[in-house]
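Report on the structure given below.
The values are calculated or read from the model by the stated rules, or taken from the named source; none is laboratory data. Keep in mind the model is a prediction, meaning the values are calculated, not measured. Backbone-built Cβ (ideal geometry, glycine too); neighbour counts: all protein chains shown. Areas reflect the complete protein model, heavy atoms only, side chains present, ligands, DNA and RNA absent. Shrake-Rupley method; radii C 1.70, N 1.55, O 1.52, S 1.80 Å.
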Amino acid sequence: MLIAGFPAGAWGTNCYLVAPAAGEECVIIDPGHQAAEGVEETLRKHRLKPVAVVLTHGHIDHVASVVPVCGAHGVPAWIHPEDRYMMKDPSMGLGRSIGMPLMGEITVGEPDDVKELTDGAKLELAGLELSVAHAPGHTKGSVTFRMPETSDIPSVFFSGDLLFAGSIGRTDLPGGDMAEMLDSLARVCLPLDDSTVVLSGHGPQTTIGQERATNPYLRDVASGQGEGAHTPPRRGM
């Protein structure tokens with residue numbers, strides 16, 4: 001299994017390229033702001049051929065490079081229908097008025113081929129199996145992707161901006177909802193094995209076991225207390 005990730009752009013958003021091995025087909029997860037060059041470098045380095053882009057949610061820091069990446073390789077982008085509108089107008093996900101300048105170098109819009117994700121779907125792409133879980137809270141259309149455990153590697157969980165090392169995604173932007181966030185943490189994260197590797201939208205790698213033991217939000221959800229009174233700031237754009 002090959003997972004190559006790098007932080008990109010002004011928000012340091014993690015973009016991941018996932019393949020069975022070097023020299024094979026791959027899936028690109030969350031090519032965000034200024035990620036296109038890093039994507040191309042990683043493709044060349046590992047001799048990969050992309051077959052799809054999959055998106056954890058529609059915020060501009062996760063989708064800003066979708067059009068150039070999909071266009072360069074003629075591949076579709078997968079996104080949950082409740083976040084699709086942000087691809088055309090990212091300002092709506094930031095609480096800005098339509099047409100208000102964002103960042104001049106960003107090319108917004110949809111690629112030629114957009115496919116919609118559904119809760120519980122299993123995507124068979126590039127010889128990989130990605131299980132989709134709808135996980136609203138950060139946005140209405142946030143999803144996670146999970147790869148099953150094999151004899152060689154533990155399960156890998158691409159959490160987007162749902163779960164971070166030591167924190168969770170912010171809920172104060174349009175479409176955010178703390179009650180939905182807590183429900184998603186309980187429903188999507190808590191059932192996972194402690195050995196599950198968490199690759200999030202921002203920040204370092206962690207595991208479900210580490211977060212179950214130390215993440216105040218996940219600990220509060222597990223104990224049935226909801227959001228604790230003394231918790232670190234939530235993250236994400």
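Quick look at the numbers
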| read-out | value |
| --- | --- |
| Test for Ser155: is it of a type in the set (Ser, Thr, Tyr), surrounded by fewer than 22 Cβ atoms within 10 Å (Cβ to Cβ) and modelled with pLDDT of 95 or more | yes |
| Failed criterion for Ser195 (all others in (1) farther than 25 Å from Gly12 by Cα; (2) of a type in the set (Gly, Ala, Ser); (3) assigned to a helix (DSSP H, G or I) hold) | (3) |
| Hits in the range 20-32 - residues which are out of contact with any Gly (no Cβ under 8 Å at 6 or more places or on another chain) and either open to solvent by 30 Å² or more (accessible area, probe 1.4 Å) or assigned to a strand (DSSP E or B) (or both) | Ala21, Ala22, Gly23, Cys26, Val27, Ile28, Ile29 |
| Residues that are in contact (Cβ under 8 Å) with a residue 60 or more places away in the chain and open to solvent by 20 Å² or more (accessible area, probe 1.4 Å), drawn from the range 67-81 | Pro81 |
| Verdict on Ala10 being of a type in the set (A, V, I, L, M) and surrounded by fewer than 19 Cβ atoms within 10 Å (Cβ to Cβ) | yes |
| Any hit, the range 101-121, residues being modelled with pLDDT of 95 or more and buried (at least 19 other Cβ atoms within 10 Å of the Cβ) | yes |
| Verdict on Val132 being open to solvent by 20 Å² or more (accessible area, probe 1.4 Å), in contact with a strand residue (DSSP E or B) (Cβ under 8 Å, 6 or more places away or on another chain) and β-branched (Val, Ile, Thr) | no |
| Test: residue in the range 160-167 that is within 17 Å of the chain's Cα centre (by Cα), polar (S, T, N, Q) and more than 26 Å from Lys49 (Cα to Cα) | yes |
| Residue list for the range 33-66, filter: open to solvent by less than 20 Å² (accessible area, probe 1.4 Å), part of a helix (DSSP H, G or I) and touching a residue at least 40 places away in the same chain (Cβ under 8 Å) | Ile60, Asp61, His62, Val66 |
| Qualifying strands (runs of 3 or more DSSP E) (wholly inside the range 125-169; at least 1 residues being within 16 Å of Gly209 (Cα to Cα)) | 143-147, 156-160 |
| Complete set of residues in the range 198-219 that are closer than 16 Å to Ala135 by Cα and either free of Cβ contacts under 8 Å to residues at least 12 places away in the same chain or outside any helix (DSSP H, G or I) (or both) | Val198, Leu199, Ser200, Gly201 |
| Cross-chain or 6+ apart pairs with Cβ under 6 Å, the range 163-176 first and open to solvent by 30 Å² or more (accessible area, probe 1.4 Å), then charged (D, E, K, R) | Arg170/Arg234 |
| Condition met for Asp183 (farther than 24 Å from Gly32 by Cβ and open to solvent by 60 Å² or more (accessible area, probe 1.4 Å)) | yes |
